[in-house]
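Taking it in order: structure first as structure tokens, then the write-up.
The values are calculated or read from the model by the stated rules, or taken from the named source; none is laboratory data. Keep in mind that what you see is a predicted model, and the values were worked out from it rather than measured. Ideal geometry is used to build each Cβ from the backbone, glycine not excepted, and the neighbour counts take in all protein chains shown.
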Amino acid sequence: MNGYRAQLLRFDAHGQALYDSDGLLVTEQGSDGVQRVVDAGPYRTVAARHRDVPVTHWMDRLIAPGFIDMHVHYPQTDIIGSPADGLLPWLTHYTFPAETRFCDAGYAAEVAHVFFTELMRNGVTTALTFATAHPASVDAFFHEAQKRGLRMMSGKVLQDRNSPDGLRDETEQSLIDSETLIRRWHGQGRLGYAITPRFAPTSSEAQLRGAGELAARYPQTWIHSHVAENRDEVRWVAELYPQARSYLSVYEHFGLLRTRAVYAHCIHLDDTDRALMHASGAAAAVSPTSNLFLGSGFFNFRGADAAGMLHGLASDVGGGTSFSPFRTMLAAYFVGREGQSKPGLSLAPSRLWWLHTGGAARALGLEGVIGTLATGSEADFVVLNPDAIPLLSRKARRAENLEELLFALIVLGDDRAVERVVTA
Ligand code: GUN
Ligand code: ZN
């Protein structure tokens with residue numbers, strides 16, 4: 001067993017923040033080699049229950065659950081910050097050419113290494129991640145995740161039309177490759193497979209149907225795609241599927257809405273779509289820095305709440321502009337302010353934090369496993385040091401309650417404040 005003493009942030013089952021100004025987190029390694037939380041709370045009470053446990057004391061630091069990125073593209077690490085008029089030209093000019101290079105396993109391994117280093121520097125311990133259409137890109141991702149002992153999900157991108165040579169796959173082979181990769185990687189330690197049709201415009205009906213069949217045959221896998229991000233994209237889907245009620249209903253038709261189905265963006269949904277998301281158990285990966293960067297629009301937090309639609313936060317790098325959960329939470333705050341029917345929403349700092357930790361875990365079907373530091377859950381956590389940034393240090397010391405402390409970190413924090421990442 002190990003004890004860690006510092007300020008301590010956890011979440012309860014309702015998403016309420018639990019805070020101890022002098023806390024103790026006690027972990028123990030299970031027979032599977034994974035460290036789990038066995039006790040947590042105020043130092044005095046918890047220490048009295050575990051007198052023999054060695055304690056590491058991090059003065060003036062904050063222990064918090066590792067961040068969870070619900071949607072990110074590791075092959076887009078090097079195209080972060082590439083200017084374009086909007087989603088579709090950005091895909092054509094930067095994204096697709098960059099992704100064609102991942103047929104090369106050595107190159108994929110190099111970028112995967114850089115990607116995981118960036119994630120961990122920023123305190124992200126779990127990410128649902130796009131690879132590329134090349135199976136080698138998936139192997140490179142999982143090998144790196146396995147080396148680092150991280151809980152990670154990814155999958156081969158399915159895109160058999162409207163895609164350039166070198167990236168476009170072949171329908172039948174793409175489904176065979178996906179199943180091979182599921183058997184190779186899904187459930188290996190902390191790794192999980194995501195069936196990953198890129199988005200409706202780049203898959204044939206046969207490929208979407210096949211993806212839905214795979215998803216039914218392997219119900220514990222994830223489904224990972226994009227929906228209703230950009231108005232030109234929505235129009236394109238309406239042309240390709242004139243009979244569909246909405247963009248989202250295309251995925252419904254092919255059996256691609258269920259628990260552990262995660263759709264990035266969900267900007268241009270209507271109330272019927274949101275009800276469908278709720279009823280199916282599918283989740284939205286809200287990607288505010290990407291949506292602001294590409295001018296896609298504003299996620300409707302109020303509408304999502306009203307419909308009971310699962311959602312959490314995501315970087316969407318390279319459409320997103322930062323790996324930092326602090327930047328993503330701040331962008332979500334701005335989107336809440338500006339993007340709703342008036343008056344604007346004030347998303348509470350602890351709510352933003354929940355959406356990037358325990359709430360994201362729930363949306364991913366990993367409730368109780370990661371994201372909260374609840375007893376029995378896996379001990380992935382960050383150790384934050386507000387004093388690593390001069391202005392944040394001044395501001396954090398003036399915080400009079402947890403909300404003020406978390407908001408100081410959200411507004412002024414970055415990777416410098418992430419002093420240490422401890423993975424289960
Ligand atoms: N829609 C289809 N592909 C992509 C992608 O790579 N990034 C984003 N943001 N949207 C997409
Ligand atoms: Zn994306």
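Quick look at the values:
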quantity	calculated
Pair list, Cβ < 8 Å and 6+ apart or interchain, from region 143-171 residues that are farther than 14 Å from T129 by Cα to residues that are modelled with pLDDT under 95	G149/A424
Qualifying residue in region 83-96 (condition: part of a strand (DSSP E or B) and surrounded by 21 or more Cβ atoms within 10 Å (Cβ to Cβ))	no
Pick from region 102-159, criterion acidic (D, E) and under 20 Å from the mean Cα position of the chain (by Cα), ranking: farthest from R184 (Cα to Cα)	E118
Residue pairs meeting the criteria (Cβ under 8 Å; at least 6 apart or on separate chains; first farther than 17 Å from L352 by Cα, in region 314-332; second away from ligand 1 (no atom under 11 Å from the Cβ) and among the small types (G, A, S))	G318/G81; G318/S82; T321/G81
Set R209, R217: member being over 23 Å from R245 (Cβ atoms), modelled with pLDDT of 95 or more and either crowded, with 21+ Cβ neighbours inside 10 Å or basic (K, R) (or both)	R217
Filter result (assigned to a loop (DSSP other than H, G, I, E, B) and within 12 Å of ligand 2 (Cβ to nearest atom)) within region 284-333	S287, L294, S296, A314, S315, D316, V317, G318, G319, G320
Residue match in region 393-403 (condition: crowded, with 17+ Cβ neighbours inside 10 Å and part of a loop (DSSP other than H, G, I, E, B))	no
Single unsatisfied condition, A424 versus (1) part of a loop (DSSP other than H, G, I, E, B); (2) touching a helix residue (DSSP H, G or I) at 6+ places or on another chain (Cβ under 7 Å); (3) in contact (Cβ under 8 Å) with a residue 24 or more places away in the chain	(2)
Residue within region 260-283 that is surrounded by fewer than 17 Cβ atoms within 10 Å (Cβ to Cβ), under 17 Å from P197 (Cβ atoms), without any contact (Cβ under 8 Å) to a residue 24 or more places away in the chain and not polar (S, T, N, Q) present	no
Residue within region 115-123 that is surrounded by 24 or more Cβ atoms within 10 Å (Cβ to Cβ), within 18 Å of T357 (Cβ to Cβ) and of a type in the set (A, V, I, L, M, F, W, C) present	yes
Any hit, region 57-77, residues being among the hydrophobic types (A, V, I, L, M, F, W, C) and more than 21 Å from T125 (Cα to Cα)	yes
In region 63-79, residue farthest from ligand 1 (Cβ to nearest atom) [restricted to those that are not in a strand (DSSP E or B) and not hydroxyl-bearing (S, T, Y)]	G66
Only one of R183, R198, R168 that is basic (K, R), exposed (fewer than 15 other Cβ atoms within 10 Å of the Cβ) and modelled with pLDDT of 95 or more	R183
Among the residues listed as D69, D22, D78, the single one being surrounded by 19 or more Cβ atoms within 10 Å (Cβ to Cβ) and among the acidic types (D, E)	D69
When residues of region 292-329 are limited to those that are within 25 Å of L88 (Cα to Cα) and aliphatic (A, V, I, L, M), the one nearest to ligand 1 (Cβ to nearest atom)	L294
Residue, nearest to the chain's Cα centre (by Cα), within region 238-274, restricted to residues that are within 20 Å of F298 (Cβ to Cβ) and more than 16 Å from ligand 1 (Cβ to nearest atom)	R274
Residue in region 80-100 that is more than 12 Å from ligand 1 (Cβ to nearest atom), of a type in the set (D, E) and over 24 Å from E229 (Cβ atoms) present	no
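The rows are residues; the columns are (1) surrounded by fewer than 20 Cβ atoms within 10 Å (Cβ to Cβ); (2) under 22 Å from M59 (Cβ atoms); (3) of a type in the set (D, E, K, R).
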site: A332; (1), (2), (3): no, no, no
site: A363; (1), (2), (3): no, no, no
site: L366; (1), (2), (3): no, no, no
site: A379; (1), (2), (3): no, yes, no
site: V383; (1), (2), (3): no, yes, no
site: D387; (1), (2), (3): yes, yes, yes
site: A408; (1), (2), (3): no, yes, no
site: R416; (1), (2), (3): yes, yes, yes
